[in-house]
Amino acid sequence: MPLTLPRRGLFALEILFWIALAASFFVFPDRLYLLTQILIAALFAVSLDIALGYAGILTLGHAVFFGMGAYAAGLLAKAGWAEPLTGLALAFVLCGLVAYALSVMIVRAGELTQLMVTIAVGAIVVEIANQATPITGGSDGLQGISMWPVLGAFDFDLWGKTAFVYTFVVVLALFIVVRRMLQSPYGLALKGIHGNRKRMYALGSPVEGRLRFAYAASAAIAGVAGALLAQTTEFVGLDTLSIDRSAAVLIILVLGGTGRLYGGIVGAIVYMVVHDFFADLSPEFWMFWLGLFLMAIVMIGSGGILGGLSRLVRSERS
Amino acid sequence: MGIVVFDGLAFGALLFLISVGLSVTMGLMNFVNLAHGAFAMAGGYAASVVMNAYGFGFPAALLAGFVAGAVSGAAVEVLFVRRLYRSHPLEQVLFTIGLVFASIATATYFFGPTMQPFSIPPYLEGNFAFLGAELSRYRLFLIVVGVIVVAALVLGLDRTRFGAMIRAAVDNQRVARGCGINVDRLFLATFTLGCGLAGFGGALSLGMLTLNPIFPLKYMVYFLMVVCVGGAGTITGPFLAALIVGIGDVAGKYYVPQTGGFLIYLLMLALLLARPNGLVVKKGAR
Amino acid sequence: MARLAATLLASALFIGQAAAAEPLKLGFVAPMSGAQAEYGLQMMNGMKTYMAQNGDSVAGREVEIIVKDSGGPNPDVAKRLTQELIVRDKVDFLVGYGFSPNAFAAAPLATDSETPLIIFNAATSSIPTKSPFIARVSMTLAQHAYGIAKWANGEDIKTVYTLYADYAPGRDANAQFTKIFTEGGGEIVGEIGVPLSSPDFGPYMQRIKDAKPDAIFMWFPSGELANTMLKAYRARGLDDDGIVALGTSDLVDDNSLDSMGEDAVGLITAAHYSAAHDSELNKAFVKAYDEVSGGSPRPNFMGVAAYDGLAAIYHVTEELGGDVSDGKKVMELLTGLTFESPRGPIEISAEDRDIVQNIYIRETKDTGEGLYNIEFETMPMVVDPGKD
């Protein structure tokens with residue numbers, strides 16, 4: 001018998017969740033870099049959720065936008081304008097536009113084809129960045145980024161305090177936007193397309209346009225996540241574009257639970273904490289334990305962590 | 001020119017041999033098996049151990065590769081995979097990625113991170129002259145084996161009772177059960193076959209690729225490429241795709257080496273956009 | 001389990017004898033898992049070897065190594081781990097760093113926190129210029145490429161085809177080789193950058209074979225790429241055509257030489273270290289290393305770099321009587337430091353804290369006890385020629 005929560009309780013739970021995240025600043029003052037990177041991974045996974053969980057676009061190349069955002073922000077800073085918020089805006093716009101253009105190839109294809117097309121595009125983009133060494137620094141990475149203080153007042157410090165607060169605020173703000181978007185009629189239409197595309201065609205819904213917009217929005221947010229990484233680490237490497245990163249964010253999202261808004265965030269927290277724990281325990285063989293952990297999660301139940309929770313706890317309306 | 005085509009065919013044959021098992025597990029059985037490379041790696045290590053530690057010959061090593069792939073595949077099927085056939089594909093992705101991680105660490109634990117030594121047996125080493133070109137014996141061997149495996153699988157799946165039962169069970173489990181087919185056992189056998197083929201391919205790859213614990217991740221894109229471009233669930237599709245990719249890759253490297261890493265992916269993209277459901281479409285699929 | 005017990009025992013002993021002195025903490029960031037796990041293993045064993053020979057405490061402080069896995073080239077991970085080692089573990093030294101991007105990303109943190117950072121491998125020339133707290137005890141790629149190009153100039157080699165992994169280190173090696181070799185009157189008849197993801201190298205070798213150069217210069221990261229490349233070189237019979245194979249130590253890395261078999265025999269390479277280096281110090285080092293590692297693989301250039309890194313750290317800590325809290329003082333002592341290493345004499349340059357060392361020209365030979373790189377020519381105390 002699942003526990004039932006009143007609807008208002010669910011909202012209170014959300015507020016509590018974010019407060020707890022914010023409070024981690026005081027609880028783990030010497031782990032702020034890890035917390036920052038968890039938040040960035042969470043935002044990246046939420047962006048993937050828009051494409052995968054809501055629009056049903058299977059992609060193993062989302063790091064293309066993450067990395068593109070990172071390089072955009074990094075290059076802007078190197079070019080002489082190191083104001084952080086401008087970097088985020090540039091990444092957002094650039095990735096959104098590029099993704100909108102690329103989406104032609106992707107929205108119509110079947111799942112396996114989507115997977116392979118995104119892998120191929122990802123591989124080509126990595127190679128472009130590798131060849132463009134004079135601009136990107138190639139495999140040595142983009143060095144010499146030095147950000148200006150956030151809002152002209154808060155310098156990025158060795159302890160990562162500014163980085164954490166800055167990232168937290170940006171992630172929260174974007175999350176609220178995404179939440180509104182997905183709970184709007186547009187979000188419902190996306191769910192409809194994911195559930196039964198033919199019926200949505202029959203209803204006269206502009207299916208392809210909606211999917212293309214979802215893909216672009218997803219990429220724009222992934223770009224911001226990448227820009228945050230570039231700004232908080234003041235370095236960009238080719239790995240930001242790599243298929244490894246695309247795969248990692250997919251693992252994070254599926255682990256947390258797709259199509260559930262919070263899946264990406266929960267997945268990022270669990271995955272990165274578990275990873276860090278095992279890597280400290282056994283720097284050489286942590287992959288074994290992490291692998292077992294992932295297998296166990298699948299064997300225990302479907303729908304990731306949130307899927308499992310939703311079978312235990314239910315909100316009133318559903 | 002001749003040598004480019006020959007080398008391309010051989011590289012394609014190798015791609016086919018290490019990927020065809022995936023067309024069986026993922027294409028035929030609809031199980032998203034990203035751990036294909038883990039079974040191939042099991043085969044590679046088994047072959048290497050049989051040769052280096054026990055001094056057996058190359059044929060025995062190939063057999064050991066097949067057996068190691070098949071046994072590990074059967075074990076994983078019985079323990080886990082049979083409960084996951086009906087799961088969401090993304091769950092299967094998560095599970096098989098977990099399996100890949102665990103297999104990489106396991107291989108590192110037992111064999112260390114360094115690559116495995118391997119030398120091609122003397123009778124397959126070196127080159128022979130043919131129409132003025134110097135062709136490698138090992139590459140010719142790969143082409144021959146590739147053709148034999150294609151023929152055997154096509155005949156086996158199209159012409160035998162076992163093949164008919166597999167096709168029936170995959171298309172409609174309930175009806176197949178109704179006809180008295182033991183679907184569980186059949187799936188076990190098929191999954192075992194797919195993993196055995198992976199192990200066999202892993203053993204064959206020793207002569208051209210290098211084997212270290214990262215193998216399952218490093219070549220994953222190649223496996224997927226061959227199967228998806230060719231048409232999942234078919235045998236001839238991946239064969240055709242592997243040959244095209246192989247020849248394209250080799251020709252690109254020989255004539256326009258400046259294109260570097262782009263070519264193979266551009267080729268894949270073009271093929272996918274031209275034929276989104278694969279070069280050869282599985283019967284009964286859309 | 002055994003290691004855990006040993007750690008417990010060691011810490012129990014430590015508490016027993018000298019509770020006053022804090023342990024000397026080394027934060028070790030290196031690839032311990034994944035494709036380049038062997039890098040991390042070599043460094044770890046190199047450090048353990050030094051500690052086995054010289055004791056695991058210095059100036060009364062027990063040496064504690066905190067191991068962090070950076071995986072491959074993951075600058076953001078490396079930076080986070082470095083930051084945590086500084087603020088959380090409060091390490092006295094940062095050591096390791098297998099990949100250049102990881103070192104570049106960590107450099108500003110070393111500067112901000114004034115923590116000395118000793119590079120055990122990352123080989124891009126400019127790394128020590130990125131922070132006054134970085135010293136390098138390994139090598140630079142340019143030193144190797146310089147050595148082999150100079151040697152080729154002195155031989156009867158007029159035309160060379162270059163083949164390199166198409167990413168920053170490969171391009172650097174290629175550029176350096178091309179510069180020195182053409183200045184010396186040689187001619188580059190062609191060059192190919194090979195994508196890292198390429199599994200089949202046959203076609204490149206065929207193209208070079210058809211071009212008929214006097215020699216081929218190859219640069220690939222040590223390990224499997226180098227191995228695959230050599231397989232293709234033999235399979236195409238370039239050696240039968242008399243095309244000499246030139247390279248750097250990455251091609252015939254001691255770590256993987258055993259698994260390469262006959263393919264590697266006859267290669268001419270330039271490097272700063274060979275496990276077969278003929279000196280008493282090296283023989284003792286190899287013997288001690290084999291005891292630590294279990295005999296295989298044997299030490300390579302990364303193992304020896306980590307060994308020398310610890311030697312430098314021990315020396316400085318000794319000099320300062322155990323108080324290494326002032327990073328500036330530590331760096332002052334490190335700069336210009338010279339000592340005898342298993343590879344020969346080395347110096348941490350007083351100019352730029354980079355490594356100055358002998359470069360040896362070697363030929364890979366089957367000695368009957370396996371393949372070894374046998375040194376036959378020495379270029380004394382080569383300063384990194386790769387900085388602009």
Check your understanding: Per the helix-only calculation at 222 nm, which mean residue ellipticity applies to chain A, given -39500 (n - 2.57) for every DSSP H run of n ≥ 4 and division by its residues, nearest 500 deg cm²/dmol?
Key -> -24000 deg cm²/dmol
Check your understanding: If you average over every viewing direction, what projected area does the convex hull of the Cα atoms of the range A:130-211 give, in nm²?
Key -> 9.7
Practice item. For the range A:1-84, would you read off the P(r) tail past 16 Å as a percentage of all alpha carbon pairs? Key: 71
Revision key, fill the gap. Amide H proximity to C:W219 below 5 Å, modelled H, separation 5+ or other chain, gives C:L163, C:Y164, C:A165
Check your understanding: Once all Cα-Cα distances of the range C:59-137 are split into 5 Å bins that start at 0, what whole-number percent is in each one?
Key -> 3, 17, 30, 27, 16, 5, 2, 0
Revision key, fill the gap. Under the 7 Å Cα-to-Cβ spin-label approximation, B:L155 and A:K161 lie apart by a distance in nanometres of 7.7
Check your understanding: So what is the relative contact order of chain C, in percent, for Cα pairs below 8 Å that sit 6 or more residues apart?
Key -> 18
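Based on the Kirkwood radius over alpha-carbon pairs, what is the Stokes-Einstein translational diffusion coefficient of chain C at 25 °C with 0.890 mPa s viscosity, in µm²/s?
115
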Practice item. Work out from phi, with θ = phi - 60° and the Karplus expression 6.51 cos²θ - 1.76 cosθ + 1.60, the ³J(HN,Hα) of each residue of the range A:123-140, listed in order in whole Hz, and give x for Gly and Pro. Key: 5, 5, 5, 4, 5, 4, 5, 5, 6, 7, 3, x, 8, 8, x, x, 6, 6
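Let me know the Kirkwood hydrodynamic radius for the protein assembly as shown, please, with Cα pairs as the basis and the value in Å to one decimal.
Details: mean 1/r = 0.0339 Å⁻¹.
It works out to 29.5 Å.
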Review point. Which cross-chain or sequence-distant (5 or more) residues have an amide H under 5 Å from the amide H of C:S341, H modelled 1.01 Å from N in plane?
Key: C:I346
Point to revise | Which listed pairs, of C:K179/C:K365; C:K150/C:K328; C:K212/C:K365, have C-alpha distances above 32 Å, in listed order | key: C:K150/C:K328
Point to revise | chain C - share of DSSP beta bridges that are antiparallel (%, nearest 5) | key: 40
Revision key, fill the gap. Output ordering of C:180-187, B:138-145 (per-residue mean of other Cβ within 10 Å, highest first) is B:138-145, C:180-187
Exercise for review: Determine ³J(HN,Hα), in whole Hz, for all residues of the range C:37-54 in sequence, where each value follows from phi through the Karplus function 6.51 cos²θ - 1.76 cosθ + 1.60 and θ = phi - 60°; x replaces Gly and Pro.
Suggested key: 4, 5, 4, x, 5, 4, 5, 4, 5, x, 5, 4, 4, 4, 5, 5, 7, 10
Review point. Loop-only check: which trypsin sites (Lys or Arg not before Pro) in the range B:1-106 are DSSP coil with at most 15 other Cβ within 10 angstrom?
Key: B:R86
Study note, to complete from the structure: Taking placed amide H atoms and a strict 5 Å upper bound, the residues 5 or more places from C:V58 or on another chain that come that close are C:V63
Exercise for review: Take every residue in peptide B:108-120, count the Cβ atoms of other chains within 10 Å of its Cβ, and give the average of those counts.
Suggested key: 6
Review point. What list of ³J(HN,Hα) values in whole Hz, one per residue of the range A:236-253 in order, does the Karplus curve 6.51 cos²θ - 1.76 cosθ + 1.60 (θ = phi - 60°) give from phi, with Gly and Pro shown as x?
Key: 10, x, 4, 4, 5, 9, 6, 5, 4, 6, 4, 5, 4, 6, 5, 4, 4, 5
Study note, to complete from the structure: Rounded to whole angstrom, the alpha-carbon centroid of the range C:117-188 lies from that of the range A:207-243 at a distance of 36
Practice item. With springs connecting C-alpha atoms under 10 Å apart, model chain B as a Gaussian network and identify which of B:L135, B:L155, B:L15 has the largest mean-square fluctuation. Key: B:L155
Practice item. Report, in deg cm²/dmol and to the nearest 500, the calculated mean residue ellipticity at 222 nm for chain C, where each DSSP H run with n ≥ 4 adds -39500 (n - 2.57) and the sum is divided by the residue count. Key: -13500 deg cm²/dmol
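Quick check on the range C:80-183: what does the Kirkwood estimate of hydrodynamic radius come out to from the alpha carbon pairs, in Å?
Evaluated on the range C:80-183, it is 15.2 Å.
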Practice item. Starting with the highest mean, order C:223-230, B:249-256 by the number of other Cβ atoms within 10 Å, averaged over the residues of each peptide. Key: C:223-230, B:249-256
Check your understanding: Residues of A:139-147, mean number of Cβ from any other protein chain within 10 Å of their own Cβ, rounded to a whole number?
Key -> 6
Practice item. Pull up the cross-link candidates among the lysines for C:K209, meaning alpha carbon to alpha carbon under 21 Å and not fewer than 8 places away within one chain. Key: B:K253, C:K158, C:K231
Practice item. Would you mind telling me the antiparallel percentage of the DSSP bridges in the protein assembly as shown, rounded to 5? Key: 40
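Give me a single rounded figure for C:164-172: the average over its residues of other chain Cβ atoms within 10 Å of their Cβ.
Mean number of neighbouring Cβ atoms from other chains: 4.
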Practice item. Would you please calculate the Kirkwood hydrodynamic radius of the range A:3-315 over all C-alpha pairs and express it in Å, rounded to one decimal? Key: 20.0
**Study point:** lysines with Cα under 25 Å of C:K329, excluding same-chain neighbours fewer than 8 positions away
**Key:** C:K25, C:K79, C:K90, C:K130
Practice item. Would you look at the GNM of chain B, springs on alpha carbons closer than 10 Å, and say which of B:G37, B:G163, B:G233 moves the most? Key: B:G163
**Study point:** GNM top mover of A:E111, A:E14, A:E127 - chain A, alpha-carbon springs below 10 Å
**Key:** A:E14
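Read-outs: derived from the displayed coordinates by stated rules, not from any lab. Fair warning: this is a prediction, and the values are worked out from it, not measured in the lab. Methodologically, a virtual Cβ is constructed for each residue, glycine included, from the backbone with ideal geometry; neighbour enumeration extends over all protein chains shown.
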